[in-house]
Amino acid sequence: MTDASRIAVIDIGKTNAKVVVLDALSGTELVSRRAPNRSIDSAPYLHFDTDALWTFVSGALRELAADPGYDVISITTHGASLVLLDANGNLAMPMIDYEAIYPETVRAAYAGLRPPFSETFSPPLPGGLNAGAQLHYQKTVFPDEFARVATILTYPQYWAFRLTGIATNEKTSLGCHTDLWDIAEDRYSSLVDRLGLRDLMAPIASAFDCLGNTTPAVTAELGLSRPVPVHCGIHDSNASLLPHVVTRKAPFSVASTGTWVISFAVGGSIAGLDAARDTLVNLDAYGRPVPSGRFMGGREYEMLTANLAPSSEEEIEVALPRVLTAGTMLLPSICEGSGPFPHNKTRWINEPSDPAERHTAISLYLALMTATCFDLLSAAGPTVVEGPFSRNRLYLKALAAITSRPVIVVDGSVPTGTAEGAALLTGMTPPPTRDLVFEPTLDLAAYRTEWLRQASA
């Protein structure tokens, strides 16, 4: 149990950034501040606007220090991101956006350097989703700038460094498809030495470690009455996983939904994972391997519904029989290059014009993609859905029906599971929850069989 009564969490996702304050006894979100996370598409490459993020984060922390106040800070961010510091602790190079695309010659050279899947359990991914590809690109294409690099940090730990001046790395970020971590040996992979980076990697700390207090300069900038302790931080999908790891008995599954839908098979085996279908190993907050799969479900949902009129739950419920009878299907993949069907080009079968039917088919598509990921992981036990998709009742019912396993939503779940997980790092006791359970009741067997046949054609 933490001595803190209020916990501030810096929560930076690929699309949005948040600073929230949680009550340490109940886990309730007391207040939050949000801002978009934007990238800058200019030289030297597509990169994150870390200055704008610091302006937002520091301003929010300053405002919330006055009301409601906080006693400790924890951090969670998206993965596939590294920060390069110079000897003075400033950015040696802009922080590259993992969606930046590299020249074919650079990609081909990196493909020859990557360790085998059996070492890193990291599938080959486009752009910089393998964070090692970012380092290779920056070092080979910008050698003069890279020569200024003194320290390489994983992304949550960069923000901890901004607050404390203490540089560390952490395994949940190193172990999520970076190519930089040897899963079996629990150490940096052979790629780190091939790229000559070992001496630049910051020391490794536990996600649970309290690194130290805010520096005097930061304490003053945030308007704090005294220095505040700062915890090391954690990769966001693993932050979402942590509340379930500490309160549920394996085996069980988790679908952590956001920009990415990350599927975890807790208590599962890493044997038989398929690199060609975007299955991989994540390391949980305790450093234990967890079989995982993923697809860009949140991004796909945004793309599919951007110009679509909203539909109520009742309208979708009425539309479902029409969609099933007509065999209306959306096939993968809207975002190509990752997920269980990385090379498929999306198409409709019997494309509907009715908004409710489109919403229905989209929800079925997302559930089928999630279930396919779980199938690839040989997932077992009930499935917990966390994040925005936990509010999509058809998605939840369909996922239960397709997997033939109960689907659980923690009652009152909102898209802040990452913040709760980060808060648990400080010693917060997991608050009591009440599960809302969706049993397999829909008959989607024939629909699923045909969808898989079409998707595999």
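Miscellaneous remarks
- Seen against the Cα atoms of the chain and their longest principal axis, helix 445-456 is set at about 60 degrees.
- At R0 = 51 Å, FRET efficiency that the Cβ-Cβ distance of Glu317 and Ala147 yields, to 0.05: 0.25
- Degrees separating the helix 50-66 axis from the principal Cα axis of the chain, which is the longest one: 80
- Zone of Ser269's modelled label, taken as backbone nitrogen in the stretch 359-383 under 17 Å from a point 7 Å along Cα→Cβ: 375-381
- Helix-only [θ]222 nm of the chain, DSSP H runs n ≥ 4, -39500 (n - 2.57) each, per residue, nearest 500: -10000 deg cm²/dmol
- Note on Glu302 and Arg107: their simple-model spin labels are 2.2 nm apart, each label 7 Å out from Cα toward Cβ.
- DSSP-loop chymotrypsin sites (Phe, Trp or Tyr not before Pro) across the stretch 1-77, with at most 14 other Cβ within 10 angstrom: none
- Nearest-ten-degree value, helix 236-245 long axis tilted from longest Cα axis of the chain: 70
- The alpha-carbon atoms of the stretch 198-252 define a convex hull whose volume equals 146 cubic angstrom per residue.
- With a Förster radius of 22 Å applied to the C-beta separation of Arg34 and Glu221, the computed FRET efficiency comes to 0.60.
- Pairwise Cα distances in the stretch 178-333 exceed 18 Å for 74 percent of all pairs.
- Taking only Cα atoms of the stretch 1-145, radius of gyration then Dmax in Å: 18.5, 54
- Point-to-point label distance, Asp41-Val437, nm (Cα→Cβ direction, 7 Å offset): 4.8
- Excluding same-chain neighbours fewer than eight residues apart, the lysines reachable from Lys14 by a Cα-Cα span under 25 Å are Lys139, Lys171, Lys345.
- Unit charges on C-beta of K, R, D, E only; dipole of the stretch 168-291, Debye: 340
- With q set to 0.08, 0.09, 0.13 Å⁻¹, the log10 of I(q)/I(0) for the stretch 237-456, from the Debye formula over equal scatterers at the Cα positions, is -0.26, -0.33, -0.71.
- Considering only alpha-carbon pairs that sit under 8 angstrom and 6 or more positions apart, the relative contact order computed for the chain is 15 percent.
- 10 Å binning of all Cα-Cα separations within the stretch 81-143, expressed as whole percents from 0 upward: 20, 51, 24, 4
- Amide hydrogen neighbours beyond the local backbone of Ala92, cut-off 5 Å, H modeled: Leu84, Leu85, Asp86
Each value in this text was obtained by applying a stated rule to the coordinates, not by laboratory testing. This structure is a prediction, so every number in the text was calculated from the model and none was measured. Because the Cβ atoms are built from the backbone with ideal geometry, glycine has one as well, and the counts that use them run over all protein chains shown.
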